[in-house]
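First the structure, in the form of structure tokens, and then the observations on it.
The values are calculated or read from the model by the stated rules, or taken from the named source; none is laboratory data. What you see is a predicted model, and the numbers here were worked out from it, not measured in a lab. Cβ sites come from the backbone with ideal geometry, for glycine too, and all protein chains shown count toward neighbours. Please note that ligands, DNA and RNA were not included when accessible areas were found on the heavy atoms of the full protein model with its side chains. Shrake-Rupley method; radii C 1.70, N 1.55, O 1.52, S 1.80 Å.
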Amino acid sequence: MEKKQKILVTGAAGFIGFHVARALLERGDEVIGLDNVNDYYDVNLKYARLKELGIDRNQEVDHVLVESEKYNAFRFVKSDIVDLDELNGLFTSQKFDKVIHLAAQAGVRYSIENPHAYVQSNLVGFVNILECCRHHKIEHLVYASSSSVYGNNTKVPFSEDDRVDHPVSLYAATKKSNELMAHTYSHLYQLPTTGLRFFTVYGPWGRPDMAPMLFAKAIMEGEPIKVFNNGDMERDFTYIDDIVNGVAKIVDQIPDVSEELPYYRLFNIGNSRPVKLLDFISELEKALGIEAVKKMYPMQSGDVKKTFADITALRRCIEVGNEVPITKGIYRFVLWIKQINYAL
């Protein structure tokens, strides 16, 4: 019988973290979720996700592990990865096998106005995670990078071998820094790390600051939607189930000394089928049964015209499966929005 793994999932109240934690629990792992539940966007959405994991917000006490009322193998702690003493204490007491690090200050445009939030969470916090993984002999650290590291790369599809020396947002710069720091720790301390460059993830329980949720909410309320660069953009929209499937499989595949870069790996994880922004909006209109009022805007600072993931390397490591097409993904997303009535 396979030994049950004990896995720390940081950012467990976030969009991807919530789904990953639930998937790990449902396959039989023991999971500790960590999140600082900050107010970058509506905390009610974050607490609603936690409720789905069996965590009642009224039980919450900072820095104290709370038992799930739904999953016997899940506990949650409200804490911040910037607090090294607290983080180290958690690693010492819980003795994790593996870590899936998804906590970060998200958002490209927000990074232009609030740089210090990104330095603290994405740089200081990431070093703290690396240090704890190093000292506590973690078997495998899987962490979130981003397609934003490719900047204004015009070569498509984007390959892990492409140069990523010209980020166009601070958020992207912090994610590239994470990859470099992970490489250093893998090299110096033989810490197995795998970075995943996520490509425009969408689906149920998604972030309200991202285009799918912003568009759907505006369309339902009869408000105009902001279409940047006059709609002349393409995104490699990736349905959440495909991301979760990839993360759950990758955490089990530990990089070793026989690989080209010992103990260190980096993969794109996306749908590998870019969709024009106006086509994405059209599918939303169909699923909602409402025509959108579109307001065209110029390109925003920090945005890129196209993202397109080459997932050849990922396919060599794990069985990826058939990615959810945009029509089916949007249908599921809209179904969820209608079920929760958005306002939660």
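Details
- With 28 Å as the limit, the listed pairs 78/137; 46/175; 46/137 have 46/137 beyond it between alpha carbons.
- Between 0 and 90 degrees, the angle of helix 125-135 with respect to the longest Cα principal axis of the chain falls at about 30 degrees.
- Using C-alpha pairs under 8 Å with a sequence gap of at least 6, the mean separation divided by the residue count of the chain gives a relative contact order of 17 percent.
- Across the cross-link table entries 286/306; 6/306; 98/226, which are compared at the Cα atoms, the separations over 30 Å belong to 6/306; 98/226.
- Choice from 227, 64, 142 with maximal GNM fluctuation in the chain (Cα, 10 Å cutoff): 64
- Set of aspartates and glutamates with alpha-carbon distance to residue 305 below 16 Å, sequence-local pairs under 8 removed: 232, 234, 236, 279
- FRET efficiency for residue 285 and residue 317, using Cβ-Cβ distance with R0 set to 51 Å, rounded to 0.05: 0.85
- Inter-label distance, residue 273 to residue 297: 2.9 nm, where each label sits 7 Å from its Cα along the C-beta direction.
- Relative contact order %, the range 66-223, counting alpha carbon pairs below 8 Å whose residues are six or more apart: 23
- Degrees, to the nearest 10: 15-27 long Cα axis against longest axis of the chain: 50
- D by Stokes-Einstein for the chain, Kirkwood Rh over Cα pairs, 10 °C, 1.306 mPa s: 78 µm²/s.
- 101, 166, reordered so the largest accessible area comes first (probe 1.4 Å): 166, 101
- Take the Cα of residue 335, step 7 Å toward its Cβ, do the same at residue 254, and the gap between the two points is 3.8 nm.
- Carbon/sulfur fraction of accessible area - the chain, other protein chains in place, 1.4 Å, %: 49
- Extension gain (nm, one decimal) between residue 305 and residue 230, 0.36 nm per residue minus Cα-Cα: 25.9 nm
- Computed over neighbours whose Cβ is under 13 Å from that of residue 64, the net charge equals -2, Lys and Arg +1, Asp and Glu -1.
- Tail fraction, Cα-Cα pairs, the range 3-55, threshold 13 Å, whole percent: 54
- According to the Cα-based calculation, Rg over Rh for the range 97-166 is 1.04, with Rh computed by the Kirkwood formula.
- Pairs of Cα atoms nearer than 8 Å and 6+ residues apart set the relative contact order; for the range 1-124 it is 28 percent.
- Gaussian network model of the chain, springs between alpha carbon atoms under 10 Å - residue of 140, 63, 183 with greatest fluctuation: 63
- Spin-label pair residue 48/residue 136, simplified geometry with 7 Å Cα→Cβ offset, distance in nm: 3.2
- The trypsin sites (Lys or Arg not before Pro) found in the range 154-230 that occupy coil by DSSP, while having at most 11 further C-beta atoms within 10 Å, are 155, 163.
- Surface per residue (accessible, 1.4 Å probe) for the range 88-161, Å²: 40
- To the nearest ten degrees, helix 211-221 and the longest principal axis of the Cα atoms of the chain are 50 degrees apart.
- For a modelled paramagnetic label at residue 92, 7 Å from Cα along Cα-to-Cβ, no residue of the range 165-194 is in reach, as no backbone nitrogen comes under 15 Å.
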